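Note sheet for the following structure.
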Amino acid sequence: MAGNAATEAGYDCGFLDEVVSDGRIAHERSVREEYAEDASPHPGRRPDAVVWPADTAEVAAVLAAANDRGVPVTPWSGGSGLEGNAIPVEGGIVLNTHEIDHVEVSPADMQATVGAGVVYDELNERLAREGLCFAPGISSGDVATLGGMVATNASGFNAVRYGETRDHVRRLEVVTADGRIVDCGRDVVKTSAGYSLKDLFVGSEGTLGVVTEVTVGLVGIPEHRRAALVTFPSRVAASRAVSDIVGSGLVPGALEFMDENAIRMLNRYHPGLGLEVAPTLLIELHANNDGIDADLAFAEGICADHDMLGWEAAGEGEVDDLWQARRDKYWATKSYRDEWDIALVGDVVVPISRYPDIVGAVAEASEDLDLVTSCVGHAGDGNLHFTSLVDPDDEGMVERAHELNERVVERAIALGGSATGEHGVGLGKRKFMAREHGPALDLMRTLKDAFDPDGILNPGKVLPEGRESS
């Protein structure tokens, strides 16, 4: 690094007082402690300063000054990452984009231009006035920001129909490591002009540049919603139903899988929920015409072919309650057993035809390692999440939970899938990057070196140490 400013006590970040507005910097230990960890179980590291730039120009000033001094900068959005994406592992500066929260909606163009600090749910509340929404449907939407969603290419419940964040991004305003402000993409649905730089930044977790503004495409809020809870005799039967529903050409608005342990946890967390303890699919259909009822009947027929135990249609009010319960799965798991905690939240994705295999792999590993593991997943796009509860004081149990994660991730990659469907790589998935990408990993390093030659942007994330060729 050029002009490395590290000392035994950390980095000297006093220069920030000259480049950021009064009151937008914190050097106090108590504030810095708040930004040592994100929502993941990975160990934290206290930064040397926290800064809240007021706008893109201030972001540029911070990065230029930090780059000149070799001070690491870790971008921070909502802090809801589950792979340590926002932990400042080398100290330095945490750059929080929360204050960059402008919103400009263009209903005629079906798009919105928003600051990186805008919270997902708050954006959709604003868009609902126009009958529009930003569609990925993430479970942490009450805290996750657009900048963070771009950084991890986030997606969620509705991705099976509407796609992930990348599919909606039309333009990005990005600040590079040396403080240049660049626009990537255009405010149009498509363009063939040059390299698609915006797609390099989407999913890069702040290692190539800091996103300050996003233009996203929007969709209309569907006129009709129908949903059903479907129970099955086994995880395999439920998983095969998923594969057949998607393979039939039916495009659900959402298609969620929950195993028996997940249902037990939700029932305990929401005593009035009363769901049958069995492998379950939550199917939601969207449409603007009456054909939705025929589609729902078609889905029911497919589930019947897989020996469903029960089919319970839900009204619109009930649908919202069910989704709220599903969003609470993380907290339901944490509270399920006193003094136990979540070891980690697994996140893999496989080809839809291999969904039964990955669900089975989790069940097999959990039994073999004697762990209490629950599964939920955005099954319609092959995404599965798994969480093992552990006694944090039992080192052996914690190690077994990490072994389960490794087994399942390796199995997902072997099935042609990915180590992460939507949580990003962060710290936790770096060790799988060579296995998944092979020689392409060296090209990623070349890009990193080109965009951030001094290595100040979110160091220690995404790419493993050393060059890999396989």
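No value in this document is a laboratory result; all are computed from the given coordinates. Only a predicted model underlies this, so the values are computations on that prediction, with no experimental measurement involved. Backbone-built Cβ (ideal geometry, glycine too); neighbour counts: all protein chains shown.
For a quick protection proxy, order the peptides 278-288, 419-429 by their average other-Cβ count within 10 Å, most packed first. Walk me through the intermediate numbers first.
Details: 278-288: 22.6, 419-429: 25.0.
Final packing ranking: 419-429, 278-288.
For residue 130 and residue 445, compute 0.36 nm times the residue count separating them, minus their Cα-Cα distance, and round to one decimal in nm. Provide the component values of the computation, followed by the final result.
Numbers: separation 315, 0.36 × 315 = 113.40 nm, distance 4.28 nm.
Residue separation times 0.36 nm, minus the Cα-Cα distance, leaves 109.1 nm.
How many lysine pairs in the chain, separated by 8 or more positions in sequence or lying on different chains, have Cα atoms less than 15 Å apart? Write out the running numbers ahead of the final one.
Details: 190/198; 198/448; 429/461; 431/461; 448/461.
So the count works out to 5.
Provide the gained length on full extension for the span residue 21 to residue 108, in nm with one decimal, where the gain is 0.36 nm per separating residue minus the Cα-Cα distance.
27.7 nm
Can you tell me the order of 380-386, 308-314, 256-262, 97-103 when each peptide is scored by its average per-residue count of other Cβ atoms within 10 angstrom, highest first? Could you put the intermediate results ahead of the total?
Working: 380-386: 26.1, 308-314: 16.0, 256-262: 24.0, 97-103: 18.4.
Sorting 380-386, 308-314, 256-262, 97-103 by mean packing, highest first, produces 380-386, 256-262, 97-103, 308-314.
What distance in nm separates the two pseudo spin-label positions at residue 288 and residue 334, each 7 Å out from Cα along the beta-carbon direction?
The answer from the label model is 4.0 nm.
Taking the Cα-to-Cβ direction at residue 324 and at residue 187 and moving 7 Å from each Cα, how far apart do the two end points lie in nm?
3.7 nm
What percent does the relative contact order of the chain come to when contacts are Cα pairs within less than 8 Å and at least six residues apart? Walk me through the numbers before you get to the answer.
Numbers: 1060 pairs, mean separation 73.7, N = 470.
Taking the mean separation of contacting Cα pairs over the length of the chain, I get 16 percent.
How far, in nm, would the chain grow between residue 199 and residue 178 when pulled straight, counting 0.36 nm per residue and subtracting the alpha carbon separation?
Result for the pair: 5.5 nm of gain on full extension.
If we count other beta carbons within 10 Å of each Cβ, what is the order of 89, 118, fewest first?
Working: 89 19, 118 25.
Fewest-to-most Cβ neighbours within 10 Å comes out as 89, 118.
Could you tell me the calculated FRET efficiency between residue 435 and residue 12, based on Cβ-Cβ distance and R0 = 60 angstrom, to the nearest 0.05? Don't skip to the end; give the middle numbers.
Values: r = 39 Å, r/R0 = 0.66.
Efficiency, rounded to the nearest 0.05: 0.95.
Where in the stretch 45-69 does the label zone of residue 28 land, with the point 7 angstrom along Cα→C-beta and an amide N cut-off under 19 Å?
The answer is 46-53, whose backbone nitrogens lie closer than 19 Å to the label point.
Looking at the square roots a ≥ b ≥ c of the eigenvalues of the Cα gyration tensor of the stretch 1-143, which shape do they give, rounded for a/c under 1.5, prolate if a/b is larger than b/c, or oblate? It would help to have the intermediate numbers written out before the result.
Values: a/c = 2.72, a/b = 1.74, b/c = 1.56.
Prolate, because a/c is 1.5 or more and a/b exceeds b/c.
Which order do the peptides 156-168, 139-151, 217-229 take when ranked by the mean count of other beta-carbon atoms within 10 Å per residue, highest first? List each step's numbers first, then the result.
Values: 156-168: 22.2, 139-151: 25.2, 217-229: 18.2.
Packing proxy ranking, top to bottom: 139-151, 156-168, 217-229.
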